[in-house]
């Protein structure tokens, strides 16, 4: 099966971006896989931005609306996709990650569900990269995970749970029906513990006001409780992050 996936990925084309650091990094420096949506209305405009000298952004791989794969920066070069970012004690994740952009208009332009062709392509290239660079399942992230106060992508319509079933990324092990019984139940003295769990899992929880805290909670919900993204901290969210902290 892996050989079949390799053949599919070999069909990818190239459209190199000038936006990367020209010094090569070692294979062992690649520790993270970061998923993005383009936030741009169509493929043509997205490619134009990702390959423009003036945009200062790029990625390693771009998945078109029809599910075609385009390489934009070779793996061993640092692409400019993550920006100001952090995960656990790691800062500036550009240096240790591979970035994959998926064509989607995003929240500002009519956010859409990612289609099956795009997800199939994403699964194929992700499995190859995970195996090649021995990427830990806990280090497969969304742009919003590593920059929660700045970014929303890939958003609540990104199929994290389905990717987990394909051994890409992580998901909690809680019973869905039982979990729903906690929804809407207000946290009392456990709110600080929630933030400690969130920080221990990897998220930056630094915030200056309630609105920023609410945004961080929304980002967590987009990934692990996408059915209801309201920024309200309840016992369901608490149970999920507690479960995630117990993953091996």
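Which one is surrounded by the fewest Cβ atoms within 10 Å (Cβ to Cβ) among residues in the range 157-207 that are more than 15 Å from residue 223 (Cβ to Cβ) and touching a strand residue (DSSP E or B) at 6+ places or on another chain (Cβ under 8 Å)? Among those residues, the one meeting the criterion is 186. On the stretch given as the range 112-149, residues that are under 24 Å from residue 96 (Cβ atoms) and in a helix (DSSP H, G or I) total 20. Is it true that residue 230 is within 16 Å of the chain's Cα centre (by Cα), on the phi < 0 side of the Ramachandran plot and modelled with pLDDT of 95 or more? When the stated conditions are applied, residue 230 does not pass them.
Could you tell me how many of the residues in the range 44-59 are buried (at least 20 other Cβ atoms within 10 Å of the Cβ) and within 15 Å of residue 22 (Cβ to Cβ)? Number satisfying all stated conditions: 1. Among the candidates 1, 12, 72, the residue that is touching a strand residue (DSSP E or B) at 6+ places or on another chain (Cβ under 6 Å) and at pLDDT below 95 is uniquely 12.
Considering each residue of the range 64-82, count those that are outside any loop (DSSP other than H, G, I, E, B), without any contact (Cβ under 8 Å) to a residue 60 or more places away in the chain and more than 11 Å from residue 99 (Cα to Cα), and give that number.
In the first step, residues of the range 64-82 are kept if they are outside any loop (DSSP other than H, G, I, E, B); the result is 69-71, 78-79.
With the extra rule that they be without any contact (Cβ under 8 Å) to a residue 60 or more places away in the chain, the set shrinks to 70-71, 78.
So of that shortlist, the ones also more than 11 Å from residue 99 (Cα to Cα) come out as 70.
Residues flagged as outside any loop (DSSP other than H, G, I, E, B), without any contact (Cβ under 8 Å) to a residue 60 or more places away in the chain and more than 11 Å from residue 99 (Cα to Cα) within the range 64-82 amount to 1.
Just to be sure, is residue 57 outside any loop (DSSP other than H, G, I, E, B) and within 18 Å of residue 153 (Cβ to Cβ)? Spelling it out, it is not the case that residue 57 is outside any loop (DSSP other than H, G, I, E, B) and within 18 Å of residue 153 (Cβ to Cβ). Counting only residues that are within 14 Å of the chain's Cα centre (by Cα) and in a loop (DSSP other than H, G, I, E, B), the range 83-102 holds 2 of them. For the range 196-208, which residues satisfy the criterion of being under 20 Å from the mean Cα position of the chain (by Cα) and at negative phi? Across the range 196-208, the qualifying residues are 197, 198, 199, 200, 201, 203, 204, 205, 206. Of the residues making up the range 38-54, those that are within 21 Å of the chain's Cα centre (by Cα) and either closer than 17 Å to residue 93 by Cβ or assigned to a helix (DSSP H, G or I) (or both) are 43, 46, 47, 49, 50.
The values are calculated or read from the model by the stated rules, or taken from the named source; none is laboratory data. For clarity, every value in this text was computed on a predicted model and none was experimentally measured. Heads up, the Cβs are rebuilt from the backbone with ideal geometry, glycines too, and the neighbour counts pull from every protein chain shown.
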